Each structure stands twice: as C-alpha cells, then as structure tokens.
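Here is the structure we will look at, set down as structure tokens.
The values are calculated or read from the model by the stated rules, or taken from the named source; none is laboratory data. Keep in mind the model is a prediction, meaning the values are calculated, not measured. Methodologically, a virtual Cβ is constructed for each residue, glycine included, from the backbone with ideal geometry; neighbour enumeration extends over all protein chains shown. In case anyone asks, the SASA skips ligands and DNA or RNA and just uses the protein heavy atoms, side chains included. Shrake-Rupley method; radii C 1.70, N 1.55, O 1.52, S 1.80 Å.
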Amino acid sequence: MKRHEPASIPTHAHHLGAMALLLFVHQPDESRLKAALSNVEKALDRSWRDRPDDLTNLPLGHHRDLLRYFAAPQLLDLALQLTGPNTVPRLADEARSHLAAVLALYPPRPIWWVIFRTDGNAIRPVTVERPPICGAAHDARLQQIQDDGLGVAAVSAPTEEDALREMTRLWDQFVANGSPATRPLGHQ
C-alpha cells in the first residue's frame, strides 16, 4: 500500500513568516501545493541549466540552495498563482531575475587552482588553471596532480595573476605561523 506523503516546503527560518502568510492567503489544497512545489523544483532545474557563464562551477544543489535562501516565498507565491504550460518557463525567468539581483550585490569571483611544488618553506607554482566542474573530470585531475607529487590550492581571485599573489600571501602567512612540520596541528 502506498504511503501518503504530505507536501513539505524546504524553507529557511527567515522565510517562515512569509511562507505561512502565503499558505494563509492562497489556501491551496494539498494537490495544488504539491503541483506548485513541483513546478518550482522544475523551474530551479531549468534556471540552473540556463545559468550565466560565470556560474558554470555552481553545482545544481548550491544553485537550488541559493535561490531557496533568497527567493523561496516569491517563487512559491508565483507558482501558486500561475497555471498552464508556461508556468515552469515563467518561474525559471523569475528565478533567474532573483539570481541576477543577488549577483549584482555579490558578484562571483572565479576559483583558480594554483598547482605547486613545495621546496622547504617555499612554494614553486607550476600552473594556474580553472578547476573542472565537479564529477569524474574534477576527481581525475586531482588524482593526476597528486600522482605527479604536486600540491593544489583553490584560490578565489579575479585573475590568474591575482590568484598567484593570493596563494603567495596565504603561503607566507602559513609559514609565518608555523607549518605542520614544525608545529603540531591544532596548536595555537
């Protein structure tokens, strides 16, 4: 026998009041609420597929979390109002507009991998590259770096040159505070 699953709304605490108000105002029955939530999920998937180039490293789960955090009530409100075949595209457009607003306030900085060799207390950068997007390519590249006896650090910076400067700054700070070879981990 199939078990009845009530509709659940993944909601961050700061949206609880808005979500309660939406449910009070719209008073959807369970099937309408489940349909609206399903349409929101489909729209989040669609907006992720059409995300801007500077967010190509953003996994689907993080994209969903970001939009749920910033726009959950707005998306659910619209989903409860819309019907018909254009519902998901319209919701995806709404999600993209919220994401654009977030990016205008908090522009992303690219992540660079600084691949390096260590030589005592110095580092010798070998290359700087953009990491592969998740999955098998990401894991294979990390394994190749390890097999080559190299180290890698993920650095957030606007350019390759800035990534190298930031890596050098972080390494100098690391050495100044004592590397794990000269100081036990967890020692303050």
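Quick rundown of the values:
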quantity: Hey, Gly149 exposed (fewer than 12 other Cβ atoms within 10 Å of the Cβ), at pLDDT 80 or above and either β-branched (Val, Ile, Thr) or on the phi > 0 side of the Ramachandran plot (or both) or not; calculated: yes
quantity: Selection count where residues are under 18 Å from Leu164 (Cβ atoms) and among the aliphatic types (A, V, I, L, M), scope segment 114-144; calculated: 6
quantity: Among residues of segment 52-64, those that are modelled with pLDDT of 85 or more and open to solvent by less than 50 Å² (accessible area, probe 1.4 Å), counted; calculated: 3
quantity: All positions within segment 101-122 that are under 15 Å from the mean Cα position of the chain (by Cα) and open to solvent by less than 70 Å² (accessible area, probe 1.4 Å); calculated: Val102, Leu103, Pro108, Pro110, Ile111
quantity: From the options Pro132, Pro158, Pro125, residue that is open to solvent by 50 Å² or more (accessible area, probe 1.4 Å) and out of contact with any strand residue (DSSP E or B) (no Cβ under 8 Å at 6 or more places or on another chain); calculated: Pro158
quantity: Any hit, segment 74-88, residues being free of Cβ contacts under 8 Å to residues at least 40 places away in the same chain, exposed (fewer than 15 other Cβ atoms within 10 Å of the Cβ) and within 16 Å of Thr11 (Cα to Cα); calculated: no
quantity: Condition check for Ser31: at pLDDT 90 or above and open to solvent by less than 50 Å² (accessible area, probe 1.4 Å); calculated: no
quantity: Residue satisfying condition, being more than 30 Å from Leu33 (Cβ to Cβ) and touching a helix residue (DSSP H, G or I) at 6+ places or on another chain (Cβ under 7 Å), within set Val126, Val114, Val102; calculated: Val114
quantity: Residues that are in contact with a Pro (Cβ under 9 Å, 6 or more places away or on another chain) and within 22 Å of Trp171 (Cα to Cα), drawn from segment 128-158; calculated: Arg130, Leu142, Val152, Ala154, Ser156, Ala157, Pro158
quantity: Long-range neighbours under 6 Å by Cβ, at least six apart or interchain, first residue of a type in the set (Phe, Trp, Tyr) within segment 45-60, second surrounded by 13 or more Cβ atoms within 10 Å (Cβ to Cβ); calculated: Trp48/Leu60; Trp48/His63
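Conditions (1) under 26 Å from Gly61 (Cα atoms); (2) modelled with pLDDT of 90 or more, marked per residue:
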{"site": "Arg117", "(1), (2)": "no, no"}
{"site": "Asn121", "(1), (2)": "no, no"}
{"site": "Arg124", "(1), (2)": "no, no"}
{"site": "Gly135", "(1), (2)": "yes, no"}
{"site": "Glu161", "(1), (2)": "no, yes"}
{"site": "Pro180", "(1), (2)": "no, no"}
